[in-house]
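A.B. asks: Quick one: this structure, given as structure tokens, is what I'll be asking you about.
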Amino acid sequence: MRPDLTQLRDLVEESPGFGVGGPAAAVPEEAIRDAETRVGPLPPSYRWWLAEFGHGQAGGAQIATAGPAGAADDDMYGDMYEAITAAWRLNGARLCFAVEPDCGDGYSFALDRSGEAGEGEHPVVCRDGVDGEEYPVAESFAGFLAVRAARLRGLRDGPNPTIARLWRSTPGVLLDNGIHVYGPHTLAERNETFEVARYAPHWVLVGDDSGGDGFFMRRHGRDRVSVHRLGLGAVCADVAAAGEAVTDDLIGWLRAAGA
């Protein structure tokens, strides 16, 4: 699923444990293009981060920035440790964009793979700082931030496998028709507002239609892929019986609705 950059901004600004450079540290387009002459095309959601915030950290992982334009010929900037152009960051088909302190884990774009997150995005992999093993983390840089935010909020990977898969690409989706599927920065608050744990304990509110109806999915059991629509003022224990079945392929449904 292509990253929703509006939702990404909200997630970055509302997530505890995130620190960003802000407008003063934003990297000009010329400098981003300059960096790409050294390391190749950068994923769109990471380019967005550089243009909006420049540098920062997500849950302790320090995210690389880009130096001033012309830094390719200037070791002080082009090869500074914090820059995405530092020589140590590009290792074959892996471009390391974030590291945890004290020899912690490193996070890289897998440049030899294309994920589910749309043109130009690359999956994110983690290199374990202790044993050196590599494992998948997300389908995009935006998904990496969503995964970090979810874990910082105690949501683990997400309330069920479908939402976990969505968050690995984008921190939620808001379509022009009002359909809103929540990211890690929104889901808990919306479920608390409508007391879903009290009235529908086996369900989770994963989104709404901006018109008074919510989209619900099961937390447990075999069927954790079906989405049901129910009025937010009528939340009850048996959502499936009281509501309307919408889809059993949330991500495909969102793609079709947003096309």
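What follows is calculated from the coordinates using simple rules that are stated; it is not laboratory data. A quick note: this is a predicted structure, and the numbers were derived from the prediction, not measured. Every residue, glycine among them, receives a Cβ derived from its backbone with ideal geometry; neighbour counts consider all protein chains shown.
A.B. asks: Using a Gaussian network for the chain with springs between C-alpha atoms less than 10 Å apart, which of these wobbles most: ASP208, ASP34, ASP223?
C.D. replies: Residue with maximal mean-square fluctuation among ASP208, ASP34, ASP223: ASP223.
A.B. asks: Let me ask you something else. So what's the back-of-envelope 222 nm ellipticity for the chain, counting only DSSP H runs of four-plus at -39500 (n - 2.57) apiece and dividing by all residues, rounded to 500? Provide the component values of the computation, followed by the final result.
C.D. replies: Working: 10 runs with 77 residues, N = 259.
It lands at -8000 deg cm²/dmol.
A.B. asks: Give me the Kirkwood hydrodynamic radius of region 186-258 in Å, from all C-alpha pairs, to one decimal place?
C.D. replies: Values: mean 1/r = 0.0817 Å⁻¹.
Taking every pair of different Cα atoms in region 186-258, averaging 1/r and inverting gives 12.2 Å.
A.B. asks: log₁₀ I(q)/I(0) of the chain at q = 0.08, 0.12, 0.14 Å⁻¹, via Debye over equal Cα point scatterers, no solvent, to two decimals?
C.D. replies: The calculated log intensity ratios at q = 0.08, 0.12, 0.14 Å⁻¹ are -0.34, -0.72, -0.92.
A.B. asks: Sorting VAL246, VAL239, VAL196, VAL130 on the 10 Å Cβ count, fewest up front, what's the list? Don't jump to the answer; show the numbers that get you there.
C.D. replies: Details: VAL246 17, VAL239 24, VAL196 21, VAL130 8.
If I rank by nearby Cβ atoms, fewest first, I get VAL130, VAL246, VAL196, VAL239.
A.B. asks: For all pairs of alpha-carbon atoms in region 5-151, what percent lies in each bin of width 5 Å, listed from the first bin to the last filled one?
C.D. replies: P(r) for region 5-151, in whole percents per bin: 2, 10, 20, 25, 23, 15, 5, 1.
A.B. asks: Among GLY129, GLY158, GLY106, determine the one that fluctuates most according to a GNM of the chain built with springs between C-alpha atoms less than 10 Å apart.
C.D. replies: GLY129
A.B. asks: Here is a follow-up. Determine the distance separating the Cα centre of region 124-158 from the Cα centre of region 163-208; give it in Å without decimals.
C.D. replies: What the calculation gives is 20 Å, centre to centre.
A.B. asks: Another one. Gap in Å between the Cα centre of region 81-100 and the Cα centre of region 20-39?
C.D. replies: Cα centres, region 20-39 to region 81-100: 15 Å.
A.B. asks: For region 112-254, state the average projected area of the convex hull of the C-alpha atoms over all orientations, rounded to one decimal in nm².
C.D. replies: Values: hull surface 38.5 nm².
Computing the convex hull of the Cα atoms and averaging its projections yields 9.6 nm².
A.B. asks: Hey, what did the chain get for relative contact order, percent, Cα under 8 Å, at least 6 apart?
C.D. replies: Numbers: 529 pairs, mean separation 38.1, N = 259.
Over the chain, the number comes to 15 percent.
A.B. asks: Quick one: order THR37, THR85 by neighbouring beta-carbon count within 10 Å, fewest to most.
C.D. replies: On the way: THR37 9, THR85 22.
Fewest to most other Cβ atoms nearby, the residues stand as THR37, THR85.
A.B. asks: How would you rank TYR199, TYR46, TYR107, TYR135, going from fewest to most other Cβ atoms within 10 Å of each one's own Cβ?
C.D. replies: Least to most surrounded, the residues fall as TYR135, TYR199, TYR107, TYR46.
A.B. asks: Through the Karplus equation 6.51 cos²θ - 1.76 cosθ + 1.60, θ set to phi - 60°, convert the phi angles of region 163-176 into ³J(HN,Hα) values in whole Hz; use x for Gly and Pro.
C.D. replies: Those phi angles translate into 5, 4, 5, 4, 5, 5, 10, 8, x, x, 9, 10, 8, 4 Hz.
A.B. asks: Can you tell me the FRET efficiency between GLU30 and SER114 if r is taken as the Cβ-Cβ distance and R0 is 35 Å, rounded to the nearest 0.05?
C.D. replies: Details: r = 27 Å, r/R0 = 0.78.
Given R0 = 35 Å and the Cβ-Cβ separation, E is 0.80.
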